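Okay, structure first, notes after.
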Amino acid sequence: MTGGSSVSRDDLAAALGWLVGAGVDTIVGDVSFAWLDAAGPVAPAVVKAPATAVVEQVALSVDSLPALAAALLEAHPTALFADGTPGDVMVIGDRPTRADAAAGRVFADAAGALLDRMLAAIGRSRGDTYLANAVPWPGNGAATPAEIAASAPFLRRQIALARPKAILTLGQGAATALTGSTAGINRQRGRWTEIDGVPVLPTFAPAHLLLHPGHKALAWADLCDLRARLDA
C-alpha cells in the first residue's frame with residue numbers, strides 16, 4: 001500500500017465486514033453511538049466500531065487501480081474488481097452474479113453478452129471500455145443499501161483513478177450508488193447528471209432488458225446519447 005497510510009489492511013477488512021454485517025444503510029458520522037441507550041452516546045473506547053472514515057482513508061491511500069484492486073481483494077477475496085480498459089467510458093453495474101464469480105470476471109453471463117452487443121452497436125468493446133460494479137463482491141439478488149454504503153469509498157476512488165469522460169450506469173442499484181437518488185430506474189434513465197465533474201447517464205441493466213425486451217428501444221436511445229456526448 002502506498003501513500004504512507006497508518007491504516008492496515010486488517011483495519012480495512014474489519015471496517016468493511018462490520019459495516020455490511022451491521023446493516024449500515026446511512027452514513028451518519030465517525031463516532032459510535034448507542035441509539036437505544038438512554039444514557040446517550042457511548043464513548044469510542046467502549047464501542048469500537050470501525051468508522052466509515054477508516055475505509056475511505058484506505059481507499060484514498062492508494063494511487064493506482066492495481067493497488068486499489070489489491071486492497072479490495074485483501075478485504076474481500078471473492079471480489080471482482082473490473083474488466084476492460086480504463087479510458088473515456090466507464091460502465092458500472094449493480095454487482096457481480098454467480099456466473100461472473102464462476103468465470104472470474106465481471107459481466108460474464110448472458111446479460112454480459114448482451115452488454116457486449118450493446119457496446120458494439122455504438123462502435124465500442126471491452127477493449128476500449130472500463131467495466132465495474134457498484135458493489136464488487138458477488139451476492140444473491142440486488143445490492144443492499146448497506147453493501148452500497150460499504151463499497152462507496154472504493155467506487156469513488158476507482159472512478160477517480162480511472163478518470164473516465166463519461167459513466168454509463170446499468171440498473172437501479174448502480175444509478176442509486178452514483179446519483180444518490182432512490183427514484184426508479186424508469187425515471188432516472190436517459191437523464192444526465194454530474195458526479196465529481198464526470199457526466200453520468202443511467203440506463204437499464206442488460207439483465208432487465210432480457211426480461212423486458214420492449215425497453216431495448218429506450219436503452220438504445222440512451223446509448224446513442226452516450227455516443228453523441230463522447231463525439232461532441
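The values are calculated or read from the model by the stated rules, or taken from the named source; none is laboratory data. Predicted model only: the values in this text are computed from it and were never measured. Cβ placement follows ideal geometry from the backbone for every residue including glycine, while neighbour counts extend to all protein chains displayed.
Mind listing just one residue for me: the one in the range 120-147 that is free of Cβ contacts under 8 Å to residues at least 60 places away in the same chain and part of a helix (DSSP H, G or I) and, of those, surrounded by the most Cβ atoms within 10 Å (Cβ to Cβ)? Only one residue tops the list, namely R126. Do you know which of the residues in the range 192-220 that are modelled with pLDDT of 95 or more and in a loop (DSSP other than H, G, I, E, B) is farthest from A142 (Cα to Cα)? In this case the residue turns out to be W192.
A residue that is under 17 Å from N133 (Cα atoms), modelled with pLDDT of 95 or more, among the hydroxyl-bearing types (S, T, Y) and in the same structural domain as G112 (by TED's automatic domain parsing) can be found somewhere in the range 162-170.
Please determine whether any residue of the range 105-127 is β-branched (V, I, T) and within 21 Å of G197 (Cβ to Cβ).
No; the residues of the range 105-127 include none that is β-branched (V, I, T) and within 21 Å of G197 (Cβ to Cβ).
For the range 99-119, filtered to residues that are among the hydrophobic types (A, V, I, L, M, F, W, C) and not in a helix (DSSP H, G or I), the residue that is surrounded by the fewest Cβ atoms within 10 Å (Cβ to Cβ) is A108.
Reported count of residues in the range 76-98, each being buried (at least 24 other Cβ atoms within 10 Å of the Cβ) and among the hydrophobic types (A, V, I, L, M, F, W, C), is 5. Residue-level check: of (1) surrounded by 18 or more Cβ atoms within 10 Å (Cβ to Cβ); (2) outside any strand (DSSP E or B); (3) in contact with a helix residue (DSSP H, G or I) (Cβ under 6 Å, 6 or more places away or on another chain), T169 misses just (2).
Contact map, the range 165-179: residues that are under 12 Å from T193 (Cβ atoms) paired with residues that are among the basic types (K, R), Cβ distance under 8 Å, separation 6+ or inter-chain. Pairs shown: A166/R229; A175/R189. Considering the range 190-203, and only residues there that are surrounded by fewer than 22 Cβ atoms within 10 Å (Cβ to Cβ) and touching a residue at least 12 places away in the same chain (Cβ under 8 Å), the residue that is farthest from R156 (Cα to Cα) turns out to be G190. In the set A59, A121, A108, only one residue is outside the structural domain of A162 (by TED's automatic domain parsing), touching a helix residue (DSSP H, G or I) at 6+ places or on another chain (Cβ under 9 Å) and not β-branched (V, I, T); that residue is A59. Would you say A150 is farther than 23 Å from A228 by Cα, assigned to a helix (DSSP H, G or I) and within 12 Å of the chain's Cα centre (by Cα)? Here the answer is yes, as A150 does meet what is asked.
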